[in-house]
Amino acid sequence: MKLFRQEPLTRDIRDFLTLLEKKGQLKRISSPVDSDLEIAAISVRVLGMGGPALLFENVKGSNYPLAINTFASDKRIEIALGQNPEEIGNELLNFIEALRPPKIKEIFKQRKTIKRFLAFPPKKMSNRLPNQIVENGLDELPVLKCWPEDGGKFITLPLVQTNDPVTNIPNLGMYRLHVYDKKSTGMHMQIGKGGGYHYQEAEKLNNNLPVAVTIGGDPVLTIASIMALPEGVGELEFAGLVRKKRTRLTKCKTINIKAPSTGEFLLEGY
């Protein structure tokens, strides 16, 4: 597994955190904290009090900050999507109704929605990710151990991308990564999920399955990765539909996958 530090083309997660802070939905913590149980204990307590998202700026043993509870309220999800999720749903339904049967006058009323559909297909960027810095390994990240009886540290909000070994159609899911050492992880990829299906197909072909994992990803992609979408609608496409801006993809350096260009870190491996 290779770990790359990314400099995003557009700093979506950073912009998201900045916006949360402006709206009083994020609290910075500069005091030293431990990623082994302490951060989890603090975040659970704050969540139970209905408190804000937290940005730990001084995590012991890591040079990187850690944000948590960023999606832990309806308000924060609304900020991430740019509007209320119900409003987005109603807008799409109204547009579909205008097409059954097609009515020029009704379609014209829904012209703002057309912009969403123009952003549906992902946008393939140049063949190299911007400003890559190869890190030594996973031990440089502030990965959490959340509960005393956990088997170790887990990456809990990863955007895991795999491609169907037969059709090459991508799937983006959220499957926890159990960190074994600085170069390898286990992956909780359920059989019934897209990534689990791709793994089964790769095993039948006796092939390794390439995997790209974005950490600190676009908040809209993060939400899309956990949604039950209609057949034929991918997470990368759905995110473009929601944000009215095409999802940018860039070819990975060591595997044959075009992964989201925005994100703080990218893991490449098999």
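Observations on the structure shown:
- Within the stretch 150-170, residues that are of a type in the set (Asp, Glu) have Cβ atoms under 7 Å from residues that are surrounded by 19 or more Cβ atoms within 10 Å (Cβ to Cβ) in these pairs: ASP164/HIS198, counting only partners at least 6 apart in sequence or on another chain.
- Filter result for the condition that a residue is modelled with pLDDT of 90 or more, in a helix (DSSP H, G or I), within 20 Å of ASP15 (Cβ to Cβ) and of a type outside the set (Gly, Ala, Ser), over VAL242, VAL220: VAL220
- Restricting attention to the stretch 240-270, the residues that are open to solvent by 40 Å² or more (accessible area, probe 1.4 Å) and among the polar types (S, T, N, Q) add up to 2.
- Complete set of residues in the stretch 171-189 that are without any contact (Cβ under 8 Å) to a residue 24 or more places away in the chain and surrounded by 19 or more Cβ atoms within 10 Å (Cβ to Cβ): TYR175
- Screening the candidates VAL211, VAL233, VAL242, VAL220 for the property of being of a type in the set (A, V, I, L, M, F, W, C) and closer than 15 Å to THR162 by Cβ yields one hit, VAL211.
- Selection within the stretch 56-92: residues that are open to solvent by less than 30 Å² (accessible area, probe 1.4 Å) and over 20 Å from LEU221 (Cβ atoms). The member of this set that is nearest to the chain's Cα centre (by Cα) is PHE56.
- Of residues in the stretch 226-239 being within 15 Å of ALA80 (Cα to Cα) and open to solvent by less than 80 Å² (accessible area, probe 1.4 Å), the one modelled with the lowest pLDDT: PHE238
- Checking each residue in the stretch 30-43 for being open to solvent by less than 40 Å² (accessible area, probe 1.4 Å) and either in a loop (DSSP other than H, G, I, E, B) or within 13 Å of ASN58 (Cα to Cα) (or both) picks out VAL33, SER35, ILE39.
- Against the test of being modelled with pLDDT under 95, exposed (fewer than 15 other Cβ atoms within 10 Å of the Cβ) and farther than 28 Å from GLU91 by Cβ, the options GLY196, GLY192 yield a single qualifying residue, GLY192.
- Within the set ASP139, ASP150, the sole residue that is outside any loop (DSSP other than H, G, I, E, B) and either on the phi > 0 side of the Ramachandran plot or out of contact with any Leu (no Cβ under 8 Å at 6 or more places or on another chain) (or both) turns out to be ASP139.
Here is a yes/no grid of residues against (1) farther than 20 Å from LEU157 by Cβ; (2) in a loop (DSSP other than H, G, I, E, B):
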site: GLY192; (1), (2): yes, yes
site: TYR199; (1), (2): yes, no
site: ASN208; (1), (2): yes, yes
site: ILE215; (1), (2): no, no
site: PRO230; (1), (2): yes, yes
site: GLU268; (1), (2): no, no
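- Enumeration of residues in the stretch 245-266 that are part of a loop (DSSP other than H, G, I, E, B) and more than 21 Å from PHE71 (Cβ to Cβ): ARG246, CYS252, LYS253, THR254, ILE255, ASN256, ILE257, SER261
The values are calculated or read from the model by the stated rules, or taken from the named source; none is laboratory data. Nothing here was measured: the structure is a model prediction, and the numbers come from that model. Here the Cβ is made from the backbone with ideal geometry for all residues, glycine too, and neighbour counts use every protein chain on show. Quick note on the areas: whole protein, heavy atoms, side chains included, nothing else; ligands and nucleic acids left out. Shrake-Rupley method; radii C 1.70, N 1.55, O 1.52, S 1.80 Å.
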